[in-house]
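The values are calculated or read from the model by the stated rules, or taken from the named source; none is laboratory data. What you see is a predicted model, and the numbers here were worked out from it, not measured in a lab. In this analysis, Cβ positions are derived from the backbone assuming ideal geometry, glycine residues included, and neighbour counts consider all displayed protein chains. Side chains included, ligands, DNA and RNA excluded: accessible areas come from the protein's heavy atoms. Shrake-Rupley method; radii C 1.70, N 1.55, O 1.52, S 1.80 Å.
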Amino acid sequence: MPFDWQRFLEKHGVEFAQGGANTSRDNVTVHCPFCGPADPSKHMSVNLKGKGWRCWRHPNHRGKSPTRLVQALLRCT
């Protein structure tokens, strides 16, 4: 079962978009935690079916591990 990204984001007050021109089906978008303040919009796409996440600004900001993205979003180890 994939990680419940919507529930996690809502619980931790992480702003996200569920739709719109830059959000594809089965994804939500958030501010890229690896870009930090340099991300003027929500350029991190997170797949709700467990296929991973990626930043549209910097292709090296990507992965499949929910743990790594959770750590970055919450700024914790």
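If you go through region 2-25 and pick out every residue that is without any contact (Cβ under 8 Å) to a residue 24 or more places away in the chain and assigned to a loop (DSSP other than H, G, I, E, B), you end up with 9. Would you pick out the residues in region 27-75 that are polar (S, T, N, Q) and surrounded by fewer than 19 Cβ atoms within 10 Å (Cβ to Cβ)? Residues satisfying the conditions are SER41, ASN47, ASN60, SER65, THR67, GLN71.
Taken together, the residues in region 42-77 that are over 20 Å from GLN18 (Cβ atoms) and either among the hydroxyl-bearing types (Ser, Thr, Tyr) or not in a loop (DSSP other than H, G, I, E, B) (or both) amount to 9. The residues in region 15-26 that are under 15 Å from PRO66 (Cβ atoms) and open to solvent by 60 Å² or more (accessible area, probe 1.4 Å) can be counted, and the count is 0. One residue alone among THR77, THR29 is under 13 Å from the mean Cα position of the chain (by Cα) and without any contact (Cβ under 8 Å) to a residue 40 or more places away in the chain, and that residue is THR29. Which members of region 1-14 meet the condition of being open to solvent by 70 Å² or more (accessible area, probe 1.4 Å) and modelled with pLDDT of 95 or more? Residues satisfying the conditions are ASP4, ARG7, GLU10, LYS11, HIS12.
Do we find that ARG62 is under 10 Å from the mean Cα position of the chain (by Cα) and without any contact (Cβ under 8 Å) to a residue 40 or more places away in the chain in this structure? So ARG62 fits the description; yes.
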